[in-house]
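*Asks:* Here it is: the structure, laid out below.
FYI, it's all coordinate maths here, none of it is from the lab. None of the values given here were measured: they were computed from a predicted structure. Note that we place each Cβ from the backbone using ideal geometry, even for glycine, and neighbour counts take in every protein chain shown.
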Amino acid sequence: MPNYFAGTFRADITPPLGHPLCGGWIESVRGHDDPLEAVGVVLLGPEPPIVICALDWCGLRNEAFELWRKALADAAHTSIERVQIHTVHQHNAPLADVEAEALLRMVMAKRSMDLKFFEECVNKTAAALKECLKGLHRIDRVGMGSAVVNQVASNRRILGPDGKVKYTRTSATKLKEVRDEPEGLIDPNLKTISFFQGERPIVAMHYYATHPMSYYGDGMVSSDFCGLARKKRQADAPSVFQMYFTGCAGNITAGKYNDGSRENRAVLSDRIYQAMAAAWKTTYTAPLKKLELRTDPIVFGVRKESAFGRDENEKMIADGKAPVAKRNMAALNLSWLKREKVPIHLSCLDLGVASIVHLPGEPFVEYQLAAQQNRPDQFVCVAGYGDDGIGYIPTDKAFFEGGYEPTVALAPPSENKINESLKKLMGAKVPEQIIPFKRFKKKPK
């Protein structure tokens, strides 16, 4: 059996006072509720190293995404396709798009990000990865556990009798009548993939689909309720490296269970934390016999409507009377237009008994559920918010239903393209081949 190893790394990526948050759309940093981190794991075996990293940032788009991946690839002595970076998507946090920032600096005094600070964060993360290679842990078992998260996620697209979006349930939903609508389609489960050295756990990677904001826009930096849950779990189990990934949460928020009250951050954080602890108690392990990363490049293309075209967006950026948010969005649109023919890689890490799917942008939860259906014989986890240059990835029918997400999605309908890629990456099983998922020997202490 091949020998496998894991190294873990972390770096502080907290923005300084005055730094823009959420791409400059909201109040800049005036204080810090808690720090932001880059946390990651490098996996080694017979093939070149695989790097998986999660950032407590709002988004990493286009060239910024590639620059960070390239730095981690160089540090791990691997290829860029074998580096997976995901943001957790908190909003009181930076959003990075190097090309958009360059466009804005030519016409605006207000920034979307500090390029020097961005470079510092990239370098610190790469240095932490390089350092962790000096102290690798042998891993020989993979753990799988899950638990239902109670009263956190809800679908934010509430349809009326005509099949169109009637209400949008935002992360903090003030109107009681909107909060009282049914929970809607979600994935209620938090899933945990872990790696063990014998009976000793090395790293635990948690996956759950919801926008991770309780409240934001006050200038106070925070990893918010999902990041706080991870940190509390880390404090409880300091010998096990904890990571958290946001799944396909493009249409999922905590809005049904959150009116934006400050005290709700702790309530929501505790519910995520309790699910992490419960998933750990249910964890079973199996021998780690496979560590295979498969990738599939997809060219998503650009939308043809004039609102997404070069002329209108260049005019918007140059319009000194336009709101900052609209000018910043125009810069992001133009940055994406440069990627019209550039592929984005979807990937699947196949562990034999389990798979981890890595997706770009803000995919709707339907993609996560489809990925799980592809391999009912495996334990499947899904991370969204990879290259966020594409923005929202709705289902095809969502463009008919309306609502917020399709109005700002930068690629045309892509559902069939994505689902076909997932089937290929995951080795989708036809019904007669399905083997029911098997529980293995319980291990965690």
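*Asks:* Report ³J(HN,Hα) in whole Hz for each residue of region 323-337, in order, from the Karplus equation J = 6.51 cos²θ - 1.76 cosθ + 1.60 where θ = phi - 60°; Gly and Pro get x.
*Replies:* Result, rounded to whole Hz: x, 4, 4, 5, 5, 5, 5, 4, 5, 5, 4, 5, 4, 5, 4.
*Asks:* Also: Would you order Ser355, Ser79, Ser194, Ser239 from fewest to most other beta-carbon atoms within 10 Å of each residue's own beta-carbon?
*Replies:* With the fewest neighbours first, Ser355, Ser79, Ser194, Ser239 line up as Ser239, Ser79, Ser355, Ser194.
*Asks:* For region 153-215, compute Rg over Rh where Rg is the Cα radius of gyration and Rh is the Kirkwood radius from the inverse mean 1/r over Cα pairs.
*Replies:* Here Rg/Rh amounts to 1.21.
*Asks:* Which residue, Lys231, Lys304, Lys424, has the most motion in a Gaussian network model of the chain that connects Cα atoms within less than 10 Å?
*Replies:* Lys304
*Asks:* Rounded to whole Hz and in sequence order, give me ³J(HN,Hα) for region 121-136 from the Karplus expression 6.51 cos²θ - 1.76 cosθ + 1.60, θ = phi - 60°, writing x for Gly and Pro.
*Replies:* Calculated HN-Hα couplings, in order: 5, 4, 5, 5, 5, 5, 5, 5, 5, 4, 5, 5, 5, 7, x, 6 Hz.
*Asks:* Now, a different point. Which percent of Cα-Cα pairs in the chain sits in each 20 Å bin, short to long?
*Replies:* 26, 61, 12, 0
*Asks:* Next question, about the same structure. Which of the lysines could be linked to Lys289 by a straight reach, that is with a Cα gap under 26 Å, when you skip same-chain ones fewer than 8 residues away?
*Replies:* Lys130, Lys134, Lys191, Lys281, Lys423, Lys424, Lys429, Lys438, Lys441, Lys442, Lys443, Lys445
*Asks:* May I ask you to evaluate 6.51 cos²θ - 1.76 cosθ + 1.60, the Karplus curve with θ = phi - 60°, for each residue of region 368-385 and list the ³J(HN,Hα) values in order in whole Hz, giving x for glycine and proline?
*Replies:* With coefficients 6.51, -1.76 and 1.60, one gets 5, 5, 5, 4, 5, 5, 5, 9, x, 8, 10, 8, 10, 10, 10, 10, x, 6 Hz.
*Asks:* A further question follows. Is it possible to state the helix-based mean residue ellipticity at 222 nm for the chain, with each DSSP H run of 4+ residues giving -39500 (n - 2.57), the sum divided by total residues, to the nearest 500 deg cm²/dmol? What is it?
*Replies:* Estimated from H runs of four or more residues: -9000 deg cm²/dmol.
*Asks:* Looking at region 133-277 only, what percent of DSSP beta bridges run antiparallel? Nearest 5 please.
*Replies:* Antiparallel bridges make up about 75 percent of those DSSP assigns within region 133-277.
*Asks:* Starting from the Cα of Lys174, draw a straight line to each of the aspartates and glutamates and keep only those under 15 Å, dropping any in the same chain fewer than 8 residues away.
*Replies:* The reachable aspartates and glutamates, counting only those whose Cα sits under 15 Å from Lys174, are Asp259, Glu263.
*Asks:* Please build a GNM for the chain, connecting alpha carbons under 10 Å apart, and tell me which residue among Val98, Val107, Val51 fluctuates the most.
*Replies:* Val107
*Asks:* Can I ask one more? What does the net charge come to around Glu47 if you take all other residues with beta carbon closer than 13 Å to its beta carbon, with K and R at +1 and D and E at -1?
*Replies:* 0
*Asks:* Per residue and in cubic angstrom, what volume does the convex hull of the Cα atoms of region 114-205 have?
*Replies:* Dividing the Cα hull volume of region 114-205 by its residue count gives 179 Å³.
*Asks:* How much space per residue, in cubic angstrom, does the convex hull of the C-alpha atoms of region 330-400 take up?
*Replies:* Spelled out: Cα convex hull of region 330-400, divided by residues, is 95 Å³.
*Asks:* In terms of modelled amide H atoms, which long-range or inter-chain residues lie less than 5 Å from the amide H of Ile344?
*Replies:* Those lying under 5 Å, H to H, from Ile344 are Ile298, Val299, Phe300.
*Asks:* Using Cβ counts within 10 Å as a stand-in for footprinting exposure, how do Tyr207, Tyr167 rank, fewest first?
*Replies:* Tyr167, Tyr207
*Asks:* Of the DSSP beta bridges with both residues in the chain, give the percent that are antiparallel, rounding to the nearest 5.
*Replies:* Among the beta bridges of the chain, antiparallel pairing accounts for roughly 70 percent.
*Asks:* Moving to a separate point now. Within a 10 angstrom radius of the beta carbon, how do His89, His32, His345 rank from fewest other beta carbons to most?
*Replies:* With the fewest neighbours first, His89, His32, His345 line up as His32, His345, His89.
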